[in-house]
Amino acid sequence: MEEMGDHLFNFCVTNSSLRDWILQSKDEKGDAAFHSAWREKADGLFGECADIANASKHLVVKPVSVSVGNQKLSALGPNGVIEGLEKERQAFSIVRSSGEDIDLFMFFFKICRAWEEHFENDPTLDALPFHGEFLLTTV
């Protein structure tokens with residue numbers, strides 16, 4: 001759990017650092033409207049991510065937390081669940097400031113996808129490769 005927390009924290013710090021790098025590379029200063037719009041990216045997850053990153057910097061606790069539980073996985077075939085192939089795994093979810101739970105992998109996916117779209121849509125930046133390509137392994 002502690003190692004996962006470290007990875008999550010580093011991911012959130014990197015997310016905020018990317019924002020700062022974008023602003024600095026364009027020689028811009030973000031105003032209140034910019035930061036408000038930026039926090040709403042990825043269904044508001046950029047803001048939650050920034051709160052996680054800034055919590056230790058400002059020594060405050062924000063109302064975002066991580067919960068751990070078990071998740072049941074089932075194999076699906078053309079006729080539904082394939083009996084005998086169910087298994088459980090440890091699952092992590094982010095409890096947002098609104099109280100809503102979001103799966104940790106979905107949290108990462110939505111934020112990474114928002115960055116990919118940002119790079120695709122900004123003509124001054126080169127597009128990033130789709131993050132899913134880095135999940136593929138070769139033998």
Condition first: polar (S, T, N, Q), part of a helix (DSSP H, G or I) and buried (at least 16 other Cβ atoms within 10 Å of the Cβ). Now tell me which residues in segment 87-128 satisfy that. none
Kindly indicate the residue of segment 23-43 that is farther than 18 Å from R96 by Cβ and within 18 Å of the chain's Cα centre (by Cα) and also modelled with the highest pLDDT among those meeting that condition. A37
Scanning segment 97-139 residue by residue, those at pLDDT 85 or above and among the hydrophobic types (A, V, I, L, M, F, W, C) turn out to be I102, L104, F105, M106, F107, F108, F109, I111, C112, A114, W115, F119
Does segment 44-60 include one or more residues that are closer than 21 Å to D101 by Cα, surrounded by fewer than 13 Cβ atoms within 10 Å (Cβ to Cβ), at pLDDT 85 or above and not polar (S, T, N, Q)? no
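The values are calculated or read from the model by the stated rules, or taken from the named source; none is laboratory data. The model shown is predicted, which means the values in this text are computed figures rather than measured ones. A quick note on method: Cβ atoms are made from the backbone with ideal geometry, for glycine too, and the neighbour counts reach across all protein chains shown.
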